[in-house]
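Asker: Here it is, the structure, as structure tokens.
The values are calculated or read from the model by the stated rules, or taken from the named source; none is laboratory data. Please read all numbers here as calculations on a predicted model, not as lab measurements. For neighbour counting, all protein chains shown are included, and Cβ atoms are generated from backbone atoms with ideal geometry for every residue, glycine included.
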Amino acid sequence: MTQVVLACEGLSKRFGDRVAVAELSFTIAEGETYGLLGPNGAGKTTAISMIVGIMRPDAGVVRVDGVVHSVRNTAVKAVIGYVPQELGCYPELSARENLRFFARLYGLRGRSRVEEVLRVVGLEARADEPVSGFSGGMARRLNIGIGLLNHPRLLVLDEPTAGVDPQSRNAILDSVGRLAGEGVAVLYTTHYLEEAERLCDRVGILDEGRLRAEGTKEELTGLVGEPDLESVFLQLTGRELRD
Amino acid sequence: MGTILLKDLRQQTREGTVVLFGLVLPLVLAFVLGLALGDQPAGPGFDLTTRLAAGSSVFFLFFVVSGMTGLLRERHLGTLPRLLAAPVGDAAILGAKLVAGVLLGLLSMTALVLITTFLYGARWGPPLQVAALVSATVLAASGLSAAVAAFARTAEQAVNQQGALAVVLGLTGGALFPLPRTGWVEWVSLLAPHHWFLRGLEEGEPALPVAVLLGMALVTGAVAVARAGRTLRP
């Protein structure tokens, strides 16, 4: 039986009067890729911030491998790989220096893992150049590489392909697909529904902080009688513009 | 904490502002003021060279100890979420920022004491007394600077406010020229760490100045840590 790696149970978060996330519950098993989709302001990044231990939930629990996670639980943080939406790296440092710094934060000494990750994300040739000179695609690949350093049990990617060229996007999606094949549980948010169709075993559609529907692509299209994920998404979240 | 601290020290020294504000500008200011003031008396217990060296050093110290501003820079860069998601405690992140500022402040002041002694012939006084005053002043400056950064929204805002505070406290504390020790001027000057640092050196009795400076460091440091801790994780 496949083991559940991530279990969110009734996660809720408010900012003043605004409900950012309301009673969000879902699970991700070993080797499964779960896509969390939603329009702008749906609560995806807030949900992820609670899952990776950046933000305290007002209510609800996050469990990783059955252990309750919190902002202070460094043991659980050590098994989560996090790829934030913004480029979480230092522009004045080189790719190698960035990877070394974050590797040390995860207690990884030595250079072998850093060199391995540089190969995985295809940055060996530019490893000693400052990140400030990188293209958007290269910086995105480094951003993902940092999230892979600790051999995560759970990899959380928040819109990792935003603003990258098709080649880099393809390389990123291939890498994420390979990781799931190696047993890593992957939580993936994106605006690109074709990415979710290609990558995700199951999808949750989040809107105004609430999970509107969840299932495989076939289950979701069958549920609302639409032919593809984009039509399902628009049916569930509406067609009006979001800020 | 050590990993973040080393990275912060490397980043700040690479920027070059530490060398500029922590070494070059104080030496230039002390030299230029020395030329301008010529043989004017410096006040009791102090020769003019030493007073200018000490005043210039403590004036620019406030531009060096802005370690906590690094927290705002991390937020701007998008690296703060990554630090918060890593298996390190909040105390290690905050501590590294504070300690980086303190270390750079100590390094700058130590270098300035040595260089002005050998280059300008400044006579700072007994080494242990000077070390106690320098340490307490660096801590007070770090605390004040951190408190300002903790209430700022951006790194740019923090740097501007810290700069304004450094100039106001420097002037009221008598860092650039001595102020009359009478009336409201004296009362205002008591709020500036610069006043206590210079007074300790001038009178050769560092116990009270060190105690006051450490008190300032404790209060402002506690405010900074409490405020930064709350804003770190909404």
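Asker: Restricting attention to region A:99-106, does a residue exist that is part of a loop (DSSP other than H, G, I, E, B) and under 19 Å from A:V52 (Cα atoms)?
Answerer: yes
Asker: Hey, does region A:72-91 have a residue that's in contact (Cβ under 8 Å) with a residue 40 or more places away in the chain, of a type in the set (A, V, I, L, M), more than 14 Å from chain B (Cβ to nearest Cβ) and in contact with a helix residue (DSSP H, G or I) (Cβ under 9 Å, 6 or more places away or on another chain)?
Answerer: no
Asker: What are the pairs with Cβ atoms under 9 angstrom where one residue, in region B:208-234, is in contact (Cβ under 8 Å) with a residue 24 or more places away in the chain and within 14 Å of chain A (Cβ to nearest Cβ) and the other, located anywhere, is surrounded by fewer than 17 Cβ atoms within 10 Å (Cβ to Cβ) and not in a helix (DSSP H, G or I)? Sequence gap at least six, or different chains.
Answerer: B:R233/A:R56
Asker: Show the residue pairs meeting these rules: Cβ distance below 6 Å; 6+ apart or different chains; first residue within region B:55-80 and touching a residue at least 24 places away in the same chain (Cβ under 8 Å); second residue among the basic types (K, R).
Answerer: B:G67/B:K97; B:M68/B:K97; B:G70/B:K97; B:L71/B:K97
Asker: For B:T50, state whether it is more than 11 Å from chain A (Cβ to nearest Cβ), over 21 Å from B:A164 (Cβ atoms), of a type in the set (S, T, N, Q) and crowded, with 19+ Cβ neighbours inside 10 Å.
Answerer: Details: more than 11 Å from chain A (Cβ to nearest Cβ): yes; over 21 Å from B:A164 (Cβ atoms): yes; of a type in the set (S, T, N, Q): yes; crowded, with 19+ Cβ neighbours inside 10 Å: yes.
The answer is yes for B:T50.
Yes/no per residue for (1) assigned to a loop (DSSP other than H, G, I, E, B); (2) over 20 Å from the mean Cα position of the chain (by Cα):
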site: A:V114; (1), (2): no, yes
site: A:V117; (1), (2): no, no
site: A:I146; (1), (2): no, no
site: A:N150; (1), (2): yes, no
site: A:L157; (1), (2): no, no
site: A:A180; (1), (2): no, no
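Asker: Here are some conditions: (1) touching a residue at least 40 places away in the same chain (Cβ under 8 Å); (2) in a helix (DSSP H, G or I). B:G174 meets all but one. Which one does it not meet?
Answerer: B:G174 satisfies every listed condition except (2).
Asker: Confirm whether A:A125 is without any contact (Cβ under 8 Å) to a residue 12 or more places away in the chain, over 25 Å from B:L9 (Cβ atoms), within 11 Å of chain B (Cβ to nearest Cβ) and surrounded by fewer than 16 Cβ atoms within 10 Å (Cβ to Cβ).
Answerer: no
Asker: May I ask you to verify whether B:V88 is at pLDDT below 90, surrounded by 17 or more Cβ atoms within 10 Å (Cβ to Cβ) and not in a helix (DSSP H, G or I)?
Answerer: No, not satisfied.
Asker: If you go through region A:101-118, how many residues are more than 9 Å from chain B (Cβ to nearest Cβ), farther than 12 Å from A:G145 by Cβ and surrounded by 14 or more Cβ atoms within 10 Å (Cβ to Cβ)? Show your work before the answer.
Answerer: In the first step, residues of region A:101-118 are kept if they are more than 9 Å from chain B (Cβ to nearest Cβ); the result is A:103, A:108-118.
Remaining after also requiring farther than 12 Å from A:G145 by Cβ: A:108-112.
After this cut, where a residue has to be surrounded by 14 or more Cβ atoms within 10 Å (Cβ to Cβ) as well, the list is A:108.
So the count comes out to 1.
Asker: Another question, then. Would you confirm whether any residue within region A:183-196 is assigned to a loop (DSSP other than H, G, I, E, B), under 24 Å from A:E97 (Cα atoms) and hydroxyl-bearing (S, T, Y)?
Answerer: Start the filter on region A:183-196 by keeping residues that are assigned to a loop (DSSP other than H, G, I, E, B), which leaves A:183-184, A:191-192.
Now drop any that are not under 24 Å from A:E97 (Cα atoms), which leaves none.
No: region A:183-196 contains no residue that is assigned to a loop (DSSP other than H, G, I, E, B), under 24 Å from A:E97 (Cα atoms) and hydroxyl-bearing (S, T, Y).
Asker: Only one of these is at the interface with chain B (Cβ under 9 Å from one of its Cβ atoms), surrounded by 23 or more Cβ atoms within 10 Å (Cβ to Cβ), β-branched (V, I, T) and under 13 Å from B:A85 (Cα atoms): A:I48, A:I54. Name it. Spell out the reasoning first.
Answerer: Working: A:I48 fails: at the interface with chain B (Cβ under 9 Å from one of its Cβ atoms).
Residue meeting the stated conditions: A:I54.
Asker: Let me ask something else about it. If you check B:L133, B:L208, which single one turns out to be at negative phi, within 16 Å of the chain's Cα centre (by Cα) and part of a helix (DSSP H, G or I)?
Answerer: None of the other options fit; the residue is B:L133.
Asker: Being exposed (fewer than 15 other Cβ atoms within 10 Å of the Cβ) and of a type in the set (G, A, S) is the filter; apply it to region A:201-243 and report the residue that is nearest to A:G181 (Cα to Cα).
Answerer: Selected residue: A:G222.
Asker: Continuing with this model, one more query. Scan (1) within 12 Å of chain B (Cβ to nearest Cβ); (2) loosely packed, with under 15 Cβ neighbours inside 10 Å; (3) closer than 23 Å to A:A29 by Cβ; (4) small (G, A, S) for the single condition A:S132 breaks and write down its number.
Answerer: For A:S132, the exception is condition (3).
Asker: For region A:66-80, does any single residue satisfy the condition of being modelled with pLDDT of 95 or more, surrounded by 23 or more Cβ atoms within 10 Å (Cβ to Cβ) and among the charged types (D, E, K, R)?
Answerer: yes
Asker: Identify all residues within region B:71-91 that are within 15 Å of A:F101 (Cβ to Cβ) and either more than 11 Å from every other protein chain (Cβ to nearest Cβ) or of a type in the set (S, T, Y) (or both); write none if there are none.
Answerer: Hit for region B:71-91 is B:T79, nothing else.
Asker: Which of the residues belonging to region A:185-200 are among the aliphatic types (A, V, I, L, M) and in contact with an Asp or Glu (Cβ under 8 Å, 6 or more places away or on another chain)?
Answerer: So the first thing to find is which residues in region A:185-200 are among the aliphatic types (A, V, I, L, M), and the list is A:185-187, A:193, A:196, A:199.
Passing the criteria: A:A185, A:V186, A:L193.
Asker: Quick one: count up the residues across region A:16-39 that are more than 12 Å from A:V62 (Cβ to Cβ) and touching a residue at least 24 places away in the same chain (Cβ under 8 Å).
Answerer: Adding up the residues that qualify gives 15.
Asker: Filter region A:1-39 down to the residues that are touching a helix residue (DSSP H, G or I) at 6+ places or on another chain (Cβ under 6 Å), buried (at least 18 other Cβ atoms within 10 Å of the Cβ) and of a type outside the set (A, V, I, L, M, F, W, C) and list them by number.
Answerer: Correct list: A:K13, A:T33, A:G35, A:G38, A:P39.
Asker: Then there's this: Tell me, yes or no, whether region B:92-110 has at least one residue that is over 24 Å from A:S132 (Cβ atoms), in contact (Cβ under 8 Å) with a residue 60 or more places away in the chain and at the interface with chain A (Cβ under 10 Å from one of its Cβ atoms).
Answerer: For region B:92-110, residues over 24 Å from A:S132 (Cβ atoms), in contact (Cβ under 8 Å) with a residue 60 or more places away in the chain and at the interface with chain A (Cβ under 10 Å from one of its Cβ atoms): present.
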